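Okay, structure first, notes after.
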Amino acid sequence: MNAGQEHPTAVAGAGAGAGAALLPAPPLLFEQSVPGRTGVQLAPLDVPRSAPLPDELLRTELPLPELSEPEVVRHFTNTSRRNFSVDQGFYPLGSCTMKYNPKINDQVANLPGLAAIHPYQDEATVQGALRMLWELQEWLGEIAGLPAVSLQPSAGAHGELTGALIIRAFHEAAGRQRTTMLVPDSAHGTNPATAAMAGYRSRTVPTGPDGSLDFAALQDALDADVAGLMITNPNTLGLFVEGITDIAAAVHEAGGLVYMDGANMNAMVGVARPGDLGTDILHFNLHKTFSVPHGGGGPGAGATAVTADLAPYLPPPVVCRDGDTYRHDYRRPRSIGRVRAFYGNFNNAVRGYAYLRSLGGDGLSEMSRLAVLNANYVRAALADHLELPYPRICKHEAVFSARLVARDHGVRTLDIAKRLIDYGIHPPTIYFPLIVPEALMVEPTETESKDTLDHFIAALRAILAEAAATPELVRTAPHSTPIGRLDEATAARRPVLTWPLPDGGSPRRGK
């Protein structure tokens, strides 16, 4: 399939009305409601009727829309067509690895022998599931270069918290009361909040002129109060942190531990192992790197790997193997304790396991190499059109700056991102990382074809030409959507969350 077939909008002559033709926005469910209409017929009661609930627990009215089944199905189907997903088009959301997930992995996760088991089932009846979890732990440990793994954390930030709590437990066991966590300004934004939740005061370490951690500033910050370093590698500038082994050695010499945020592991799997580089703790985002559907609020999976010395602190249970038998190990007296119920998001572990089994070692390293190749293809193609704050070979993503476009034409990064919607492309991450003015962060991932990347490159070049010739066209984008530019800040600060309205009327449609 060529680029013109893949995308509903050709770049040439995109114009103000670019984008696939859209029907008018459908009415709200409440606006379609007709009193007495129903879409469900309940079966006759086949169990004894329970005692009535107390009156104080009953609602006197429940203002829900009354609709037929076809009306409900059509409403959500039509609404879904206005929602952009990675299955619909290019989704270059930097820092989040929104790559296409093979559907076979969803099918595996829905097999009855995996989807229908219960977390409290007797271990003898779920040996296959336990073997799968044990093998996944072993494989993730091999990929990380760290031998002990917990699958319990539910997401990336949850894996971060698990790592920070392990750092605290490690120091407390040694009788040390350390209060500071070092966090580079190129780390993920959740790291300072995670450090605070674990009881630490975070101290920022700046980025050096090459986009890596400023080693001299790190050395100045290291003292007897530092518990550890929370570093993202590759960092949020899309760059591999040069001198990472020297950085880790310096932290260890000061008595601290190195936690690595593994959200960007899509650039490193099968190529470099964080444990070999001096990392003590690493979390994976199975929902980014290993084929778990990402977005929509979850669920995620933040499997956490540690050195052998830190293994006793992992949350229980972990799956152990005794000969040909697999079991949960709860006997972990030095553990930080559970960080969630049960054993992690099991269906996500199944998807990640299927992904690893299907690719194998060679396939996983090719995955990372292609992700890096695609990002650098985009970087090189746009280097003469947007500013590159750190003009180095990047890893999984390329970070540009539209600072000069904003200065010369009054078109900001937000405007460029909104205009990309008119070209059938989901906007990349913008204004992050914060240390790059007017940042535009593009992560193409390994799953996109050259045709798709060429379409994106041509679209962005066309938008930059529009910014110079007709800046108002870009500043007022998007033009192809049922609702135009939204006031997102007001929507976030003053959400409308009530129904019905105090006057009994219907909510007004947004403008």
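Things worth noting here:
- Residue list for segment 157-181, restricted to those being within 29 Å of Ser291 (Cβ to Cβ) and open to solvent by less than 10 Å² (accessible area, probe 1.4 Å): Gly159, Glu160, Thr162, Gly163, Ala164, Ile166
- Hits in segment 54-107 (condition: acidic (Asp, Glu), part of a helix (DSSP H, G or I) and in contact (Cβ under 8 Å) with a residue 24 or more places away in the chain): Glu69, Glu71, Asp106
- Checklist (1) open to solvent by less than 50 Å² (accessible area, probe 1.4 Å); (2) in the same structural domain as Thr445 (by TED's automatic domain parsing) applied to Leu373, failing item: (1)
- Condition check for Thr79: surrounded by 10 or more Cβ atoms within 10 Å (Cβ to Cβ), more than 30 Å from Leu356 (Cα to Cα) and at pLDDT below 90: yes
- Matching residues, segment 147-156, being under 21 Å from Tyr326 (Cα atoms) and crowded, with 23+ Cβ neighbours inside 10 Å: Val149, Ser150, Leu151, Gln152, Pro153
- Residue in segment 319-335 that is under 25 Å from the mean Cα position of the chain (by Cα) and surrounded by 18 or more Cβ atoms within 10 Å (Cβ to Cβ) present: no
- From the list Asn285, Asn345, the one residue that fits, being within 30 Å of Val251 (Cα to Cα), touching a Gly at 6+ places or on another chain (Cβ under 8 Å) and in the same structural domain as Pro234 (by TED's automatic domain parsing), is Asn285.
- Residue that is modelled with pLDDT under 95, in the same structural domain as Gly156 (by TED's automatic domain parsing) and exposed (fewer than 15 other Cβ atoms within 10 Å of the Cβ), where the choices are Pro48, Pro63, Pro119: Pro119
- Any hit, segment 88-97, residues being open to solvent by 50 Å² or more (accessible area, probe 1.4 Å) and closer than 30 Å to Val442 by Cα: yes
- Boolean, Asn235 is open to solvent by less than 10 Å² (accessible area, probe 1.4 Å) and outside any loop (DSSP other than H, G, I, E, B): no
- The one condition from (1) assigned to a loop (DSSP other than H, G, I, E, B); (2) touching a Lys or Arg at 6+ places or on another chain (Cβ under 7 Å); (3) farther than 14 Å from Ala398 by Cα that Ile435 does not meet is (2).
- For segment 347-356, a tally of residues being over 18 Å from the mean Cα position of the chain (by Cα) and open to solvent by 20 Å² or more (accessible area, probe 1.4 Å) returns 1.
The values are calculated or read from the model by the stated rules, or taken from the named source; none is laboratory data. This is a predicted model, so every value here is computed, not measured. When we count neighbours, we look across all protein chains shown, and the Cβ atoms used for this are built from the backbone with ideal geometry, even at glycine. Ligands, DNA and RNA are stripped out before the accessible areas are found, and what is left, the full protein with its side chains, is counted by its heavy atoms. Shrake-Rupley method; radii C 1.70, N 1.55, O 1.52, S 1.80 Å.
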